[in-house]
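See below for the structure under consideration.
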Amino acid sequence: MNLKKNNVVRNVVVSLIAVMCFGLIGSTFAQGPYTKTAIEAGPIWDQADAEYKCPIVAVEHGAPWNGQWWTTIPNQMSVCELNVPDYTNTSPVNGYNVTNVKFTDSYGKILGNFHLSTNNTWVEDSTTEQNRFTFSERNRDEWSVYLYDASRDMHIQLDLYTKEVKWNGNKLYTIMESNAVNGYSANRVNFSDGYGTLLGDFHKNADGTWSEDSITEMKRYRFTERSRDEWSVYLYDASRNMNIQLDLHTKEVKWDGSKLYTVMSSSW
């Protein structure tokens, strides 16, 4: 009798811990669009058993349980349905937020990219030429960024609607892809183990500091922002004397120059 009572108490405590832990994770990760995903949980016998097991599965996968479950193999396997957040950058890229444009020739060969270097300066890097050209940003509208190179009296339009890089109104290159996040604009970086499993994120707080939230460790670490450049954000944790680089070019979170995690996605 006492053993049975102890088991009941243990199960209640485990469930409460799962819910409390998920509360921490959910506040950080369970935001924005999501995909309903069925996760195997072993056999689930009834609703009460589901309410015990599914919150634990939710904690293990860093996503909230939406209350749904079902049996896939009688007496052997059931699944819990989780609302797995979409950690990709879901905001559409447009002329007002774009920071990087990769361009090709008419046959799809990559020729280079234009990317925002500082608040008002863009750089063109070419794969075919050794020169690096610098432009000042003149204006933006819903679909385009307008650049000017005074040294060559050259006007460039990055037209995301027609997918063209235009020189004085005429097509110069084809835009292959564009995105709105670089080292100067990134405010959140989600990281994984390199095999697609989300481990946590680094995000900028309202006071200018950064936090690292870990799914696996259930801990939150604090960082100060040291600097930024075209591709990276540099952070420092004084309590651990730890330097972190969020490198959006190599898609790596680096610790003192060595890869620590893989960047899964980033947003501003």
Taking the options 161, 234, name whichever one is among the hydroxyl-bearing types (Ser, Thr, Tyr), under 23 Å from residue 116 (Cβ atoms) and either outside the structural domain of residue 263 (by TED's automatic domain parsing) or touching a helix residue (DSSP H, G or I) at 6+ places or on another chain (Cβ under 6 Å) (or both). 161
Candidates 109, 102, filtered to the one that is at negative phi, modelled with pLDDT of 85 or more, touching a strand residue (DSSP E or B) at 6+ places or on another chain (Cβ under 8 Å) and among the basic types (Lys, Arg): 102
Only listed residue being under 30 Å from residue 220 (Cα atoms), in a loop (DSSP other than H, G, I, E, B) and either at pLDDT below 95 or not β-branched (Val, Ile, Thr) (or both), chosen from 185, 151: 185
Given (1) within 23 Å of residue 84 (Cα to Cα); (2) crowded, with 16+ Cβ neighbours inside 10 Å; (3) under 14 Å from the mean Cα position of the chain (by Cα), index of the condition residue 246 fails: (1)
Among the candidates 225, 164, single out the residue that is farther than 30 Å from residue 109 by Cβ, of a type outside the set (Lys, Arg) and without any contact (Cβ under 8 Å) to a residue 40 or more places away in the chain. 225
Take residue 237 and decide whether it is in contact (Cβ under 8 Å) with a residue 40 or more places away in the chain, in contact with an Asp or Glu (Cβ under 9 Å, 6 or more places away or on another chain), surrounded by 15 or more Cβ atoms within 10 Å (Cβ to Cβ) and among the acidic types (Asp, Glu). no
Among the residues of region 40-70, which ones are of a type in the set (Phe, Trp, Tyr), part of a strand (DSSP E or B) and at pLDDT 90 or above? 69, 70
Quick test of your reading of the structure: residue 142 fulfils all but one of (1) in a strand (DSSP E or B); (2) touching a residue at least 12 places away in the same chain (Cβ under 8 Å). Name the failing condition by number. (1)
Yes or no: region 201-221 includes at least one residue that is at positive phi, hydrophobic (A, V, I, L, M, F, W, C) and not assigned by TED's automatic domain parsing to the domain that holds residue 121. yes
Looking at (1) among the polar types (S, T, N, Q); (2) in contact with a strand residue (DSSP E or B) (Cβ under 8 Å, 6 or more places away or on another chain); (3) within 30 Å of residue 107 (Cβ to Cβ), which is the only condition residue 170 fails? (2)
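The values are calculated or read from the model by the stated rules, or taken from the named source; none is laboratory data. Since the structure is predicted, the reported quantities are computational estimates derived from the model, not experimental observations. For neighbour counting, all protein chains shown are included, and Cβ atoms are generated from backbone atoms with ideal geometry for every residue, glycine included.
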